[in-house]
1. For Val183, state whether it is at pLDDT 85 or above and outside any helix (DSSP H, G or I).
2. Taking segment 282-307 only, how many residues are buried (at least 22 other Cβ atoms within 10 Å of the Cβ) and in contact with an Asp or Glu (Cβ under 8 Å, 6 or more places away or on another chain)?
3. Just checking, how many residues over segment 222-264 are outside any helix (DSSP H, G or I) and closer than 30 Å to Met20 by Cβ?
4. Return the total of residues in segment 151-172 being in a loop (DSSP other than H, G, I, E, B) and either at pLDDT 95 or above or within 15 Å of the chain's Cα centre (by Cα) (or both).
5. Take segment 308-320 and flag every residue that is part of a helix (DSSP H, G or I) and either without any contact (Cβ under 8 Å) to a residue 12 or more places away in the chain or surrounded by fewer than 21 Cβ atoms within 10 Å (Cβ to Cβ) (or both).
6. Given the residues Ser100, Ser75, Ser127, Ser96, which is the only one that is surrounded by 24 or more Cβ atoms within 10 Å (Cβ to Cβ), of a type in the set (S, T, N, Q), out of contact with any Asp or Glu (no Cβ under 8 Å at 6 or more places or on another chain) and modelled with pLDDT under 90?
7. Quick check on this structure: which one of Ile297, Ile323 is at pLDDT 90 or above and either among the acidic types (Asp, Glu) or within 16 Å of Gly94 (Cβ to Cβ) (or both)?
8. Could you grab me the full set of residues in segment 43-66 that are farther than 12 Å from Leu232 by Cβ and either among the small types (Gly, Ala, Ser) or modelled with pLDDT of 90 or more (or both)?
Amino acid sequence: MTDHSHPAPLTGWWRPNGWMASAAIVIGVALFEPGYLRETLTFVAGALAGTAPFILFAVLAVAFLKASGAETLLSRAFQGPQWRMILFAALLGGLSPFCSCEVIPFIAALLAVGAPLAAVMAFWLASPLMDPAMFAITAGTLGIQFAMAKTVAAVALGLLGGAVVAMAARSPVFADPLKPQPVRSGCCGVKKPFSGAPVWRFWSEPARRDTFRDTAFDNTLFLTKWLTLAYLIESLMMRHIPAEMIAGVLGGEGVGPILLGALVGAPAYLNGYAAVPLIDALLAQGMAPGAAMSFVIAGGVSCIPAAIAVWALVKPRVFAAYIAIALTGAVLAGLGWAVVA
């Protein structure tokens with residue numbers, strides 16, 4: 001459930017969003033830096049071309065999982081002993097390619113029938129951070145090692161959150177965690193979330209072929225939109241932000257840059273996919289590797305779609321615990337990556 005909650009496929013992509021922001025940047029460069037317009041557009045086109053194989057893989061992988069109905073496998077993570085549920089919820093949360101609006105009714109149903117909050121928290125914390133599309137984009141831009149480390153961090157964060165909630169389940173923080181819930185239909189048209197069984201040979205059914213086509217189209221537009229904006233911002237950053245400033249604020253060793261990366265990442269995160277090229281630019285200008293990891297972990301969990309998914313269902317004290325666990329896990333992930341990188 002990486003942070004790609006967006007309007008219904010084929011109908012909402014043209015609304016004011018990343019495309020408008022990209023157009024505004026291009027117009028701004030044309031007006032105020034006309035000598036750099038061609039250089040900027042060439043940079044963006046080259047970056048998109050280099051990322052295209054990863055975009056293609058991501059689009060096809062997500063379309064296949066959606067068309068086959070593989071999201072039904074998620075329900076199996078919430079069966080059995082509590083610690084087993086926490087483990088599988090963290091693992092599946094870090095791999096699920098589904099948006100917030102689909103996960104909200106699923107989680108609401110699980111909580112309503114008594115699924116342990118610890119397992120739900122493990123899923124919630126891991127799911128905004130990594131999915132097949134995010135892994136492909138991250139590996140293509142920041143390297144396979146960073147992508148694998150972020151995947152491990154996502155699962156570890158889910159385990160941390162699940163363990164904390166399990167051990168403090170009887171505390172006032174986690175007692176009676178749910179808000180009263182209205183009946184939801186889901187902005188993605190999800191009526192019975194995660195029901196049925198996967199159909200791997202999806203092409204034999206016209207409805208599933210349509211799902212594959214619409215999902216591939218929707219995600220191609222989505223990834224292209226945000227990566228175009230990110231590469232435009234990256235070109236401006238590389239040209240206007242002194243490397244010495246980045247190195248002075250977020251560079252160096254120790255806990256300071258990592259903690260600052262987490263604190264800055266939480267409110268500043270725009271979009272998980274857009275963040276990848278921006279982190280690439282910041283690393284090139286002197287950002288410490290540990291700070292980069294803490295930034296993407298804290299920002300991914302606290303980004304608007306992920307945070308709204310939690311806020312919509314639980315009481316403020318549980319939401320506060322969610323944010324606190326996310327920031328703690330982000331700092332720990334940054335410290336771990338600083339040692340390994």
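1. No.
2. The qualifying residues number 4.
3. Keep residues of segment 222-264 that are outside any helix (DSSP H, G or I), which gives 241-242, 251-254.
Okay, now just the ones that are also closer than 30 Å to Met20 by Cβ, so 241-242.
Total satisfying the criteria: 2.
4. Selection size over segment 151-172: 0.
5. Filtering segment 308-320 for residues part of a helix (DSSP H, G or I) gives 308-311, 316-320.
If the condition is that a residue be part of a helix (DSSP H, G or I) and either without any contact (Cβ under 8 Å) to a residue 12 or more places away in the chain or surrounded by fewer than 21 Cβ atoms within 10 Å (Cβ to Cβ) (or both), then Ile308, Trp311, Pro316, Arg317, Phe319, Ala320 are the ones that fit.
6. Details: Ser100 fails: out of contact with any Asp or Glu (no Cβ under 8 Å at 6 or more places or on another chain); Ser75 fails: surrounded by 24 or more Cβ atoms within 10 Å (Cβ to Cβ); Ser96 fails: out of contact with any Asp or Glu (no Cβ under 8 Å at 6 or more places or on another chain).
Checking each option against the conditions leaves just Ser127.
7. Exactly one of Ile297, Ile323 is at pLDDT 90 or above and either among the acidic types (Asp, Glu) or within 16 Å of Gly94 (Cβ to Cβ) (or both), namely Ile297.
8. Gly46, Ala49, Gly50, Ala52, Ala58, Ala61, Ala63
The values are calculated or read from the model by the stated rules, or taken from the named source; none is laboratory data. Given the structure is predicted, the values throughout are model-derived calculations rather than measurements. No Cβ is skipped: glycine too gets one built from the backbone with ideal geometry, and neighbour counts run over all protein chains shown.
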